[in-house]
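Worksheet for the structure shown next.
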Amino acid sequence: MTASTDSVSHNHSKGTVLLIEFALAMGGFAIGTGEFTIMGLMPNMAQDLAITEPQVGHVISAYALGVVVGAPLLAIIGARFMRRKLLIALMGFFALGNLASALAPGYESLMIYRFIAGLPHGAYFGVAALVAASLVPVNQRAKAVSRVMLGLTFAMLVGNPLATWLGQLMDWRYAFGFVGSIAVLTMLLVFLFLPVNKDEPRSNPIKELKSFNRPQVWLALAIGSIGFAGMFCVFSYLAPTLLEVTKVSKGWIPFALAAFGMGGIVGNLAGGWLFDRLKFKAVGWILIWSTAVLMLYPLASGAIWSMLIASFAIGTMVALATPLQTHLMDIAGDAQTLAAASNHAAFNIANALGPWLGGIAITAGLGWTSTGYVGAAMAVAGLLVFLIAWKQQRGGQQPEESMSVAGEQRA
């Protein structure tokens, strides 16, 4: 880590740090609820908009592509801004995008508004991760980042099922209105709890771009883009799979989403714990676990009890997020903001790729559960990229441990 990301480590009490992390996590809760809401309401939206479920999957992909475009672009534009102001502005942008989605008159306009809503996603998480890492000692960064990411996983446990229930009870548009209101609350919390740090060093966009162009950075982003696509491939079509294959009523969908969210919380905490102990090797073990879980998913589709267990297991794949985020902080050099934001762009390439590939398999007549096998293939591909990155790192590039120590000395 650079000095800039550790510049306020000892300036706040534990209580203040927790309040800051809570405010940042609330933004993750808003983003996670907005990102995953469509998965639970896919049948409702398809019926209301007179389109197919795979076409609703394209709406998910539109949001993900917005993240991919917005993450590096807004990270570069916002590099010279104070982090507090940037976080508030990004969350305001996200609120407007979701409120516009709630008012979208049709399918085409909804696609556009979801793309717009996705633009600030990656930059917000990237800046939030840097702020969280700056509040704690170097050897506790992964845990701090995972605590902020708890907002995203709690969105899977509470926000997404709640938004799904709200959409089923009233209309899917109310779910996006709910997300917009959480985003406005986040703006207020960040304003109240995150103090202005006048001594905060500003990033240099040119230096960030130069430092970003490293093979290890690109390989780490490729792991997230490919290896994480399997989770989205299955999760995006979980609701219609429950209805069409498991043959349960739509009232079970929020319970399956809650099981997924519980798995996400366990996975998020486990990912931070694993990285603090295994460093980059944690990524490989998580991808092996992901492959096994995805291969078993189609076998669980016959009964609701096994689908709830499978949903929990798929949720644990979220463990990949924190290790990759922290690994990028270790290898990005002066490109801290850009790399942190781009990590979420990578995950949303996965969010676009997963539903798209799953939709192709379903449209080809392979069945709803084929998403498990497609997802497992993506996890294996991500593992192959990891092995390339691991071989390069072991073959002479500076080890992460040394880089972390160097960063601690600079700080």
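Tabulated data for the structure shown
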| quantity | calculated |
| --- | --- |
| Test for residue 89: is it part of a helix (DSSP H, G or I), surrounded by fewer than 22 Cβ atoms within 10 Å (Cβ to Cβ) and modelled with pLDDT under 90 | no |
| Qualifying positions in the range 332-349 - over 16 Å from residue 128 (Cβ atoms) and open to solvent by 10 Å² or more (accessible area, probe 1.4 Å) | 333, 334, 349 |
| Residue satisfying all of: in the range 174-216; open to solvent by 60 Å² or more (accessible area, probe 1.4 Å) and within 30 Å of residue 257 (Cα to Cα); modelled with the lowest pLDDT among these | 174 |
| Filtered residue count, the range 70-108, keeping only those that are aliphatic (A, V, I, L, M) and over 21 Å from residue 180 (Cβ atoms) | 6 |
| Test: residue in the range 70-92 that is under 22 Å from residue 355 (Cβ atoms) and without any contact (Cβ under 8 Å) to a residue 12 or more places away in the chain | no |
| Residue 258, sole failed condition from (1) in contact with a Gly (Cβ under 9 Å, 6 or more places away or on another chain); (2) under 19 Å from residue 40 (Cα atoms) | (1) |
| Any hit, the range 24-42, residues being touching a Leu at 6+ places or on another chain (Cβ under 8 Å), more than 27 Å from residue 261 (Cα to Cα) and part of a helix (DSSP H, G or I) | no |
| The range 354-369, residues that are of a type in the set (Ser, Thr, Tyr), in a loop (DSSP other than H, G, I, E, B) and open to solvent by 50 Å² or more (accessible area, probe 1.4 Å) | none |
| Every pair of residues 6+ apart whose Cβ atoms lie under 6 Å, when the first sits in the range 274-292 and is among the small types (Gly, Ala, Ser) while the second is assigned to a helix (DSSP H, G or I) | 282/274; 282/275; 282/323; 284/386; 290/317; 290/379 |
| Qualifying residue in the range 69-77 (condition: modelled with pLDDT of 85 or more and open to solvent by less than 10 Å² (accessible area, probe 1.4 Å)) | yes |
| Helices (runs of 4 or more DSSP H) contained entirely in the range 105-171, each with at least 3 residues that are more than 14 Å from residue 343 (Cβ to Cβ) and open to solvent by 10 Å² or more (accessible area, probe 1.4 Å) | 107-118, 141-154, 160-169 |
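Residue-wise test of (1) open to solvent by 20 Å² or more (accessible area, probe 1.4 Å); (2) within 18 Å of residue 236 (Cβ to Cβ); (3) at pLDDT 85 or above; (4) not aliphatic (A, V, I, L, M).
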{"position": "260", "(1), (2), (3), (4)": "no, yes, yes, yes"}
{"position": "281", "(1), (2), (3), (4)": "yes, no, yes, yes"}
{"position": "292", "(1), (2), (3), (4)": "yes, no, yes, no"}
{"position": "298", "(1), (2), (3), (4)": "no, yes, yes, yes"}
{"position": "302", "(1), (2), (3), (4)": "yes, no, yes, yes"}
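Okay, residues lined up against (1) over 23 Å from residue 141 (Cβ atoms); (2) out of contact with any helix residue (DSSP H, G or I) (no Cβ under 7 Å at 6 or more places or on another chain):
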position	(1), (2)
221	no, no
235	yes, no
249	yes, yes
257	yes, no
287	no, no
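The values are calculated or read from the model by the stated rules, or taken from the named source; none is laboratory data. The structure presented is a predicted model; accordingly, all values stated were derived computationally and were not measured. Heads up, the Cβs are rebuilt from the backbone with ideal geometry, glycines too, and the neighbour counts pull from every protein chain shown. The protein model used for the area step is the full one, side chains on, heavy atoms only, and it has no ligands, DNA or RNA in it. Shrake-Rupley method; radii C 1.70, N 1.55, O 1.52, S 1.80 Å.
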